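Heads up: the structure comes next, in structure tokens.
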Amino acid sequence: MKPDWIYIGTPPVSHAALSVKAITKGLNVLCEKPLAHDAKDGSVMASVAMDSDVLTAMHFPLLYSPSVRHMMELVKMGQIGQIKRIELQTYFPHWPRLWQQNPWIAFREQGGFTREVFPHYLQLMYRMFGQLSITSHQTVYPEDETLAETSVLAIGKTVDDIPVFLNGISEIGQQEELSYTVYGDEGVLKLRNWSELSMAQKDSPFEILTSFKSVKTLAEECIAAIKDEEALLVSFDEGLAIQKMIDILLT
């Protein structure tokens, strides 16, 4: 029996070989993020997929979160006015996290928070604002050349010249904190720790939003796609755009 989808949830360095093997056998592929170990491998994956009749998708769960979709809709409707800046702040007391110990995630070859966490938010920015460009960045690595980055600071912009600021740091004296903030001239939206959405308006404090419409899960979208129904999926092409940004940040 032919499976509807193959899920590739292995370490990034193996994504390309496994995806290409599945695609050449005519199998639809759902791949874990990031797309690949680097943009070179990612380009091979995207090219092979484009030349085939299979479906591709990536595991970016933020896109299937009710609070995130509400955030996207509020921005699209102009509820916070003209967008002035986009920021991502990520703070990790430990990397790898204490609950996330495995043989590869601490190491420079294919681990680090820039590959593991940043892609979720870069993909969200891409969906909300289009292609991003990194104009300057500073990435700090430990003395041990095998270990992943400990700090990333970057400035960029969207296709509409909205400034983007990216900040990631590990091995610091606080609890883990992730925030994705969109600043408008009439209000601000902040997504904290993956799912907590709050909104502020001029001269008013942030208020946590709790009422959201239900949305399809990634699994439901994958099922819709194989039925030739409209489906919200992140293709390998889109994943490659994110991979290219990751590669820049890690240089």
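The number of residues in region 28-58 that are in contact with a strand residue (DSSP E or B) (Cβ under 8 Å, 6 or more places away or on another chain) and under 18 Å from Gly112 (Cα atoms) comes to 3. Exactly one residue among Leu27, Leu35 is part of a loop (DSSP other than H, G, I, E, B), surrounded by fewer than 22 Cβ atoms within 10 Å (Cβ to Cβ) and in contact with a Phe, Trp or Tyr (Cβ under 9 Å, 6 or more places away or on another chain), and that residue is Leu27.
Identify all residues within region 161-175 that are in a loop (DSSP other than H, G, I, E, B), over 12 Å from Ser133 (Cα atoms) and of a type outside the set (D, E, K, R); write none if there are none. Matches in region 161-175: Ile172, Gly173, Gln174, Gln175. When every residue of region 198-214 is checked against the conditions, none turns out to be crowded, with 17+ Cβ neighbours inside 10 Å, assigned to a loop (DSSP other than H, G, I, E, B) and out of contact with any His (no Cβ under 6 Å at 6 or more places or on another chain). If you go through region 224-241 and keep only what is hydrophobic (A, V, I, L, M, F, W, C) and touching a Lys or Arg at 6+ places or on another chain (Cβ under 9 Å), you end up with Ala224, Ala231, Leu232, Val234. A count restricted to region 89-116 and to residues that are crowded, with 20+ Cβ neighbours inside 10 Å and in a loop (DSSP other than H, G, I, E, B) stands at 3. The residue pairs whose first member lies in region 130-154 and is in the same structural domain as Phe165 (by TED's automatic domain parsing), whose second member is surrounded by 15 or more Cβ atoms within 10 Å (Cβ to Cβ) and of a type in the set (Asp, Glu), and whose beta carbons are closer than 6 Å, counting only pairs six or more residues apart or on different chains, are Thr139/Glu149; Tyr141/Glu149. What residue, among those in region 171-196 that are within 23 Å of Lys157 (Cα to Cα) and among the hydrophobic types (A, V, I, L, M, F, W, C), is surrounded by the most Cβ atoms within 10 Å (Cβ to Cβ)? If we take residues in region 171-196 being within 23 Å of Lys157 (Cα to Cα) and among the hydrophobic types (A, V, I, L, M, F, W, C), then Val182 is surrounded by the most Cβ atoms within 10 Å (Cβ to Cβ). When region 137-151 is filtered for residues that are within 18 Å of Leu88 (Cβ to Cβ) and either charged (D, E, K, R) or not in a loop (DSSP other than H, G, I, E, B) (or both), the ones remaining, listed by number, are His137, Gln138, Thr139, Val140, Glu149, Ser151. Test Arg108 against the criterion of being of a type outside the set (Phe, Trp, Tyr), closer than 29 Å to Glu207 by Cα and touching a residue at least 12 places away in the same chain (Cβ under 8 Å), and give yes or no. No. If the Cβ limit is 6 Å and pairs must be 6+ apart or interchain, which residue in region 219-242 that is outside the structural domain of Asp38 (by TED's automatic domain parsing) and part of a loop (DSSP other than H, G, I, E, B) pairs with which residue that is surrounded by 19 or more Cβ atoms within 10 Å (Cβ to Cβ) and among the β-branched types (Val, Ile, Thr)? Taking only residues 6 or more apart or on different chains, not a single pair turns up.
The values are calculated or read from the model by the stated rules, or taken from the named source; none is laboratory data. Values in this document were obtained by computation on a predicted structure and should not be read as measured data. So basically every Cβ, Gly included, is an ideal-geometry build from the backbone, and we count neighbours across all protein chains shown.
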